Amino acid sequence: MKDLHVETKCIHAGYSPKNGESRLIPIVQSTTFKYDTSEDMGKLFDLEASGYFYTRLQNPTSDYVAAKICALEGGTAAMLTSSGQAASFYSIFNICQAGDHVVASSTIYGGTYNLFAVTMKKMGISFTFVDPNCTEEELEAAFQPNTKAVFGETIANPALVILDISRFADAAHRHGVPLIVDNTFATPINCRPFEWGADIVIHSTTKYMDGHDATVGGCIIDSGHFDWQAHADKFPGLTTPDESYHGITYVEKFGQAGAYITKATAQLMRDLGSTPAPMNAYLLNLGLETLHLRVQRHCENAQKVAEFLQKHHKVAWVNYAGLPDNQYHALAKKYMPNGTCGVVSFGVKGGRKEAERFMSKLQHAIIATHVADARTCILHPASSTHRQMSDQELYAAGVSPDLVRLSVGIEHVDDIIADLAQALESVEA
Ligand SMILES: *Cc1c(COP(=O)(O)O)cnc(C)c1O
């Protein structure tokens, strides 16, 4: 469906029912699949034939949804995972092992940072974190002979820093490694990183893709652009026989377009099993069908909210790339001409105490750590998730005591603004 618009793909891609079959994707709620002969099943285990044998590895419902997201991103192969965290982990662990190294943007999502800097470090994989605005020399200096990938976020959660995707892709390719981009906040509606040189895209589908607070999930998509064989010495997992899979060499057998996802499915899913429930994949698909409508509304609403906040005398600062004076406005225009996302952050005048007062007066915005779904939600880290930290420690972590993170929903924008306005009224600054 390469030539259809992304909006059309949201509805139709990934599943084409045959004569008399269900119009909506079926929920195949079954752990296992039956075969007539053990020879038939043997072919599946040898990856000689494609088909299903056990839902820990693959399930038809999940595969229909993965194929839809693959089409939205313009990739060649994709798989669902049970969470965004699992997608981040697999995307790296599929091509790295103990002794390897990865260059990552320093502004990535906190959960990803912990996964990389703490948990994967224990597995012997090391990370160098670079400021996404670093100089060319600093970026070059981050690479090591054992570097196997570069990782960044299109729009960083929650810093809202926009990654210069082409620049990071060029640096990765100069060193013979792929660029992996977490495209959760932008979604393929606003940005398709493959068009800018990224090689692998991952998502927390828990956010806009699901969009309704219903299911945790993730996805990994391969562009098919990265030539693993040309850098065979760096990626032995893809270019030499997998003894745990009957001596298959993934690149030989599945080509440049299929090797990475086949390995992640056949090896990592088999061994680690972070597979989504078929029911969750089905719910995610319902979210995807309206993704293009919701993302557009999120961005329109967020733009109006950001403009309202910027003019408000009780607001110290606003961070939203849609504002012309924002540091990332030019990058946003280049990579996301139709809008960025619905998340805005701002500072309440008077600091921590006044921000707390503002939060206590909100009537509609939901206080939640979650972001990027239909409901407007809001978080004041200094009085909730980061409350044990002093003002000094907060500044050092890049979260000022006055910072409020607002995920603008798809309610009527006048209602969202009215709620913020009445709560700001109580601020004594
Ligand atoms: C939420 C989030 C994740 C983690 O996803 P889960 O589905 O919560 O595991 C990863 N990256 C970004 C940008 C996120 O916002």
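Quick notes
- Tallying residues that are farther than 16 Å from Asp199 by Cα, among the small types (Gly, Ala, Ser) and surrounded by 18 or more Cβ atoms within 10 Å (Cβ to Cβ) within the range 228-270 yields 2.
- Filter result for Gly322 (at pLDDT 95 or above, in a loop (DSSP other than H, G, I, E, B) and in contact with a strand residue (DSSP E or B) (Cβ under 9 Å, 6 or more places away or on another chain)): yes
- Scanning the range 14-49 for residues that are under 27 Å from the mean Cα position of the chain (by Cα) and either part of a helix (DSSP H, G or I) or of a type in the set (A, V, I, L, M, F, W, C) (or both) gives Leu24, Ile25, Ile27, Val28.
- Of the criteria (1) within 26 Å of Ala214 (Cβ to Cβ); (2) part of a helix (DSSP H, G or I), which one Tyr52 fails: (2)
- Unique match (being part of a loop (DSSP other than H, G, I, E, B) and aliphatic (A, V, I, L, M)) among Ala117, Ala149, Ala159, Ala172: Ala159
- In the range 379-394, the residue that is modelled with the lowest pLDDT out of those that are within 23 Å of Leu424 (Cα to Cα) and away from the ligand (no atom under 16 Å from the Cβ) is Leu394.
- Only a single item in (1) assigned to a loop (DSSP other than H, G, I, E, B); (2) within 13 Å of the ligand (Cβ to nearest atom); (3) out of contact with any His (no Cβ under 7 Å at 6 or more places or on another chain) is not met by Asp227, and it is number (2).
- Residue within the range 60-68 that is surrounded by fewer than 23 Cβ atoms within 10 Å (Cβ to Cβ), over 14 Å from the mean Cα position of the chain (by Cα), more than 16 Å from the ligand (Cβ to nearest atom) and among the β-branched types (Val, Ile, Thr) present: no
- Filtered residues of the range 95-118 (kept if surrounded by fewer than 24 Cβ atoms within 10 Å (Cβ to Cβ), away from the ligand (no atom under 15 Å from the Cβ) and either in contact (Cβ under 8 Å) with a residue 60 or more places away in the chain or not assigned by TED's automatic domain parsing to the domain that holds Pro193 (or both)): Gln97
- Taking (1) within 22 Å of Thr81 (Cβ to Cβ); (2) assigned to a loop (DSSP other than H, G, I, E, B) in turn, Gln144 satisfies each apart from (1).
- Only one of the numbered conditions (1) farther than 15 Å from Ser400 by Cβ; (2) more than 24 Å from the chain's Cα centre (by Cα) is violated by Ala355, and that is (1).
- Any hit, the range 355-365, residues being farther than 21 Å from Val315 by Cα and touching a residue at least 60 places away in the same chain (Cβ under 8 Å): no
- Of Ala156, Ala169, all but one fail to be away from the ligand (no atom under 16 Å from the Cβ) and in the same structural domain as Glu48 (by TED's automatic domain parsing); the exception is Ala169.
- Filter pass, Thr128 being away from the ligand (no atom under 16 Å from the Cβ) and closer than 18 Å to Thr147 by Cβ: yes
- Filtered residue count, the range 360-377, keeping only those that are part of a strand (DSSP E or B), surrounded by 15 or more Cβ atoms within 10 Å (Cβ to Cβ) and away from the ligand (no atom under 16 Å from the Cβ): 1
- Residue ID - nearest to the ligand (Cβ to nearest atom), chosen from residues in the range 210-224 that are among the hydrophobic types (A, V, I, L, M, F, W, C) and touching a strand residue (DSSP E or B) at 6+ places or on another chain (Cβ under 9 Å): Val216
- Taking each residue of the range 183-204 that is surrounded by fewer than 24 Cβ atoms within 10 Å (Cβ to Cβ) and looking for partners that are of a type in the set (Phe, Trp, Tyr) with beta-carbon atoms closer than 7 Å, six or more apart or interchain, yields Trp196/Tyr335.
- Apart from one condition, Val318 fits all of (1) surrounded by fewer than 19 Cβ atoms within 10 Å (Cβ to Cβ); (2) closer than 15 Å to Ala421 by Cβ; the exception is (1).
- Filtered residue count, the range 130-142, keeping only those that are surrounded by 18 or more Cβ atoms within 10 Å (Cβ to Cβ) and out of contact with any Cys (no Cβ under 9 Å at 6 or more places or on another chain): 3
The values are calculated or read from the model by the stated rules, or taken from the named source; none is laboratory data. Every value quoted in this text rests on a predicted model; they were computed, and no experiment measured them. Methodologically, a virtual Cβ is constructed for each residue, glycine included, from the backbone with ideal geometry; neighbour enumeration extends over all protein chains shown.
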